[in-house]
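See below for the structure under consideration.
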Amino acid sequence: MEYQVNQPIKLAFTSAALALGVTVFNQVVTLNGNVISVAATFTEIGGGLYTMNFTPTTTGDWAIFIGGAVQLRFSVVTKLTAATLSDIVEEALGSWTWDKSSGLLTLLRNDGSTLATYTVTDTLQESVRERLT
């Protein structure tokens, strides 16, 4: 499981014995094995189910302990694996345009939006592309 840094997270968990109306939870949060402080709020969904809501501001391996038990282990990353895989698919299946007079190569997603732009130098001996965005 992974989440993106600086994006709100809502983690579901159950209270001990599915207790209702709990307003304070003893939580321990670790980042890369070190205990850290996290400003979290808790919301009761019902039937002993709650959510812990917070925004991680640091990448790394996280663990949430509530009520003495591990509720969740996850990674916080700058770019989600799913987004990276999507970019790979878009690069493989999308199209591109090359303005030879300006030397600008643009990779396009399937929806026509820009995935990346490059400068291209083309000579009789070699062609080189350098990523701009």
Residue ID - surrounded by the most Cβ atoms within 10 Å (Cβ to Cβ), chosen from residues in the range 21-53 that are in a loop (DSSP other than H, G, I, E, B) and among the hydrophobic types (A, V, I, L, M, F, W, C) = 40
query = Which one of the conditions (1) more than 21 Å from the chain's Cα centre (by Cα); (2) closer than 22 Å to residue 131 by Cα does residue 66 fail to meet, given that it meets all the rest?
reply = (2)
request  = Would you check which residues across the range 73-95 are surrounded by 10 or more Cβ atoms within 10 Å (Cβ to Cβ) and outside any helix (DSSP H, G or I) and list them?
outcome  = 73, 74, 75, 76, 77, 79, 80, 94, 95
ask   = What number of residues in the range 1-55 are at negative phi and of a type in the set (Gly, Ala, Ser)?
value = 7
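No value in this document is a laboratory result; all are computed from the given coordinates. Please read these numbers as outputs of a predicted model, since none were measured by experiment. Here the Cβ is made from the backbone with ideal geometry for all residues, glycine too, and neighbour counts use every protein chain on show.
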